[in-house]
Every structure is written in C-alpha cells, then in structure tokens.
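The values are calculated or read from the model by the stated rules, or taken from the named source; none is laboratory data. These figures come from a predicted structure and were not determined experimentally. FYI the Cβ positions are ideal-geometry reconstructions off the backbone, even for glycines, and counts take in every protein chain you see.
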Amino acid sequence: MSFVEPLVMRHNGVRLEPLALSHEDGLRAAAADGELWTLRITSVPEPENTRKYIEDALRMRADGNRFAFAVVDEATSTVLGTTSYHDILPAVKRVEIGYTWYRQSVQRTHVNTTAKLLMMGHAFDTLGCHVVGWRTDNFNFASQRAIERLGAQKDGVIRGHALRRDGTIRDTVMYSMRAGEWPEAKAQLLYLLERRAHAQ
C-alpha cells in the first residue's frame, strides 16, 4: 500500500485527478498557453516531450516518490496544468509539493490557491503529515511569493543544488509548513479565496 493512494479532490470549480496518459493532449495545450517551456526556471515539457513527461511521472509514482495530479477545470474538463506530491517520506510523514505549473491564462487566479488548499489539506488531515515542503529556483521570484502566500516558512537556500533546463546550475530555496501551522494557514487560504470570489 502506497503512502499516497489514488484519489480525486475537488473544490471551488477545480478538480485534481491522478495524472494519466489520457491527459497528454490537454497538458500539451496547457503548456502552449504562454509557451511555458521557454522559461528557463521551470520544468514544463516541450510539446513533443509531453508524453515522456507523463511517463516519467508515472514511473516515479510506481517507485513511490512522486504522485502527480492533473489540475482540471470542473465545468469544462479543460486541463489547466499539473502539480505533484514528491520526495515522499512515509517514515517521517513528510511530502513536498511541486512540479507545479499552469496555463498562462489561469496564473494569478484562484486555481493555484485552490489546488494547494486541497493538497495541503489531504497531506495534513488525511495522510497525517508532520511537515509539507516546497522548493523552487532562487530566480523564480513568482513561485517564492506564491509559496509564501500559502503560509510556508523559508528554511534556507541549498547552493549549487540542481541543473536548470539550459544547463546552468541553480540554487534551491526551501520552504516548509508544520502540522501545527496548518489550521491558521487553512483559515487564511479560505479567506483569500472568499475575498477573491466576492471581488469578481
């Protein structure tokens, strides 16, 4: 039995479902919205590599260290992007959330906040995680701001940690949230979503 079992989560018009090969066309279209693969600080696949991207995610799922979701618009079934649990450590009840990207047209909307609310809630309330972590490129300032808005705390920077797609070496900024911090973070995320809904 895997630590993260297949499940579908939904809230606020957003559905998270296990990433599958059937999402290939939708994921390719999502990446094309903004040509996201041209950004050096992300891991968005080029159109011709979308199937391999999904196959790699499924292989990592089989190995027990990553569980990828397709993020889908509930009303239209349009694939909006993807996000994952990764670096899954059942022994210490820790997961990280990452491999996250969305079509450009839904960035800075309710989608990411909703998806993270679902994933954090499942991690803390169902899986019983003690810690949820995030990591991002030191030059991905938008990602850092998004993680901080979730209520995560910055743990530090691992220097010379990973290769970017262009072959340069990146520093990685690490964040985390402990289980005791989740109730306040959850209340804040629900407040932000409610305020956004009323503003529209």
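Here are some notes:
- Qualifying residue in segment 104-127 (condition: touching a strand residue (DSSP E or B) at 6+ places or on another chain (Cβ under 9 Å), among the charged types (D, E, K, R) and under 24 Å from Leu190 (Cβ atoms)): yes
- Against the test of being crowded, with 21+ Cβ neighbours inside 10 Å, more than 13 Å from the chain's Cα centre (by Cα) and within 25 Å of Leu150 (Cα to Cα), the options Val8, Val14, Val44 yield a single qualifying residue, Val14.
- Taken over segment 1-25, the residue count meeting the criterion of being touching a Ser or Thr at 6+ places or on another chain (Cβ under 7 Å) and part of a helix (DSSP H, G or I) is 1.
- For beta carbons closer than 7 Å, sequence separation of 6+ or different chains, a first residue in segment 49-71 that is under 20 Å from Ala32 (Cα atoms) and modelled with pLDDT of 95 or more and a second that is surrounded by 15 or more Cβ atoms within 10 Å (Cβ to Cβ) and among the aromatic types (Phe, Trp, Tyr), the qualifying pairs are Ala68/Tyr99; Val71/Tyr102.
- Members of segment 85-104 found to be in contact (Cβ under 8 Å) with a residue 60 or more places away in the chain and either surrounded by 20 or more Cβ atoms within 10 Å (Cβ to Cβ) or touching a helix residue (DSSP H, G or I) at 6+ places or on another chain (Cβ under 9 Å) (or both), listed by number: Tyr85, Ile88, Val95, Trp101, Tyr102, Arg103, Gln104
- Exclusive hit being more than 27 Å from Tyr53 (Cβ to Cβ), in contact (Cβ under 8 Å) with a residue 12 or more places away in the chain, touching a strand residue (DSSP E or B) at 6+ places or on another chain (Cβ under 9 Å) and part of a strand (DSSP E or B), set Gly156, Gly151, Gly133: Gly156
- Candidate set: segment 92-143, residues that are aliphatic (A, V, I, L, M) and farther than 21 Å from Asp155 by Cα; chosen: the one modelled with the lowest pLDDT: Val106
- Which listed residue, of Thr82, Thr78, is surrounded by fewer than 22 Cβ atoms within 10 Å (Cβ to Cβ), closer than 15 Å to Glu24 by Cβ and hydroxyl-bearing (Ser, Thr, Tyr): Thr78
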